[in-house]
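Asks: I'd like to ask some things about the structure below.
The values are calculated or read from the model by the stated rules, or taken from the named source; none is laboratory data. Please read these numbers as outputs of a predicted model, since none were measured by experiment. Note that each Cβ is placed from the backbone with ideal geometry, even for glycine, and that neighbours are counted across all protein chains shown. These area figures cover heavy atoms from the full protein model, side chains too; ligands, DNA and RNA do not enter into them. Shrake-Rupley method; radii C 1.70, N 1.55, O 1.52, S 1.80 Å.
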Amino acid sequence: QVQLVESGGGLVQAGGSLRLSCAASENINSIDNMGWFRQAPGKQREFVATITTIGSTNYATSVKGRFTISRDNPKNTVYLEMNSLKPEDTAVYYCRGAGIRGITPYTYWGQGTQVTVSS
């Protein structure tokens, strides 16, 4: 029943910035781990960044130092600030929530938002 809705994608030139948003239908503080994944044409979906309920973050090596994941609990929203964008960042970006309730794992996915970086 949980829905995640991404927004903020678009077309930018290399070196530019975008800020993606993921709005959740549930309290994101009740979801163990929120994050972003991306999928470029012809490639597998890959991990980008995650943030836990206690604020611990993890980043893919390829985006570390350029991207920042954050959350706004009252707004039930997770953000991905992307700076110094490169053409290889072009992909559909997906919001993901995951965790375990008791012994039952759960995973939620958004519909994705397109990010295109031109050279």
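Asks: Can you tell me which residue is farthest from residue 27 (Cα to Cα) among those in region 96-119 that are open to solvent by 90 Å² or more (accessible area, probe 1.4 Å) and not in a strand (DSSP E or B)?
Replies: Among them, the one singled out is 119.
Asks: Sticking with this structure for a sec: Can you find even one residue in region 18-30 that is in contact with a strand residue (DSSP E or B) (Cβ under 7 Å, 6 or more places away or on another chain), surrounded by 14 or more Cβ atoms within 10 Å (Cβ to Cβ) and over 16 Å from residue 112 (Cα atoms)?
Replies: yes
Asks: From the residues in region 70-86 that are in contact (Cβ under 8 Å) with a residue 60 or more places away in the chain and open to solvent by 40 Å² or more (accessible area, probe 1.4 Å), which one is nearest to the chain's Cα centre (by Cα)?
Replies: If we take residues in region 70-86 being in contact (Cβ under 8 Å) with a residue 60 or more places away in the chain and open to solvent by 40 Å² or more (accessible area, probe 1.4 Å), then 81 is nearest to the chain's Cα centre (by Cα).
Let's see how each residue does on (1) modelled with pLDDT under 95; (2) farther than 18 Å from residue 21 by Cα; (3) out of contact with any strand residue (DSSP E or B) (no Cβ under 6 Å at 6 or more places or on another chain):
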| position | (1), (2), (3) |
| --- | --- |
| 64 | no, yes, yes |
| 90 | no, no, no |
| 101 | yes, yes, yes |
| 108 | no, no, no |
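Asks: Right, something else. Can you pull out the residues in region 64-95 that are of a type in the set (D, E, K, R), under 25 Å from residue 41 (Cα atoms) and part of a strand (DSSP E or B)? Don't jump to the end; show me each part of the working.
Replies: Step one: list which residues in region 64-95 are of a type in the set (D, E, K, R), which gives 64, 66, 71-72, 75, 81, 86, 88-89.
Those still in the list that are under 25 Å from residue 41 (Cα atoms) too: 64, 66, 81, 86, 88-89.
The one that is of a type in the set (D, E, K, R), under 25 Å from residue 41 (Cα atoms) and part of a strand (DSSP E or B): 81.
Asks: Of all the residues that make up region 34-56, how many are surrounded by 14 or more Cβ atoms within 10 Å (Cβ to Cβ), more than 16 Å from residue 115 (Cβ to Cβ) and at pLDDT 95 or above?
Replies: So the answer is 4.
Asks: Under 8 Å between Cβ atoms, which residue pairs at least 6 apart in sequence (or on different chains) link something in region 46-69 that is farther than 14 Å from residue 80 by Cα with a partner that is assigned to a loop (DSSP other than H, G, I, E, B) and not acidic (Asp, Glu)?
Replies: 46/60; 53/31
Asks: For residue 18, only one of the following conditions fails: (1) farther than 13 Å from residue 78 by Cβ; (2) touching a residue at least 24 places away in the same chain (Cβ under 8 Å); (3) under 11 Å from the mean Cα position of the chain (by Cα). What is its number?
Replies: Failing condition for residue 18: (3).
Asks: Another question, then. Just the residues that are part of a strand (DSSP E or B) and over 18 Å from residue 77 (Cα atoms), please, taken from region 39-63.
Replies: Result: 39, 46, 47, 59.
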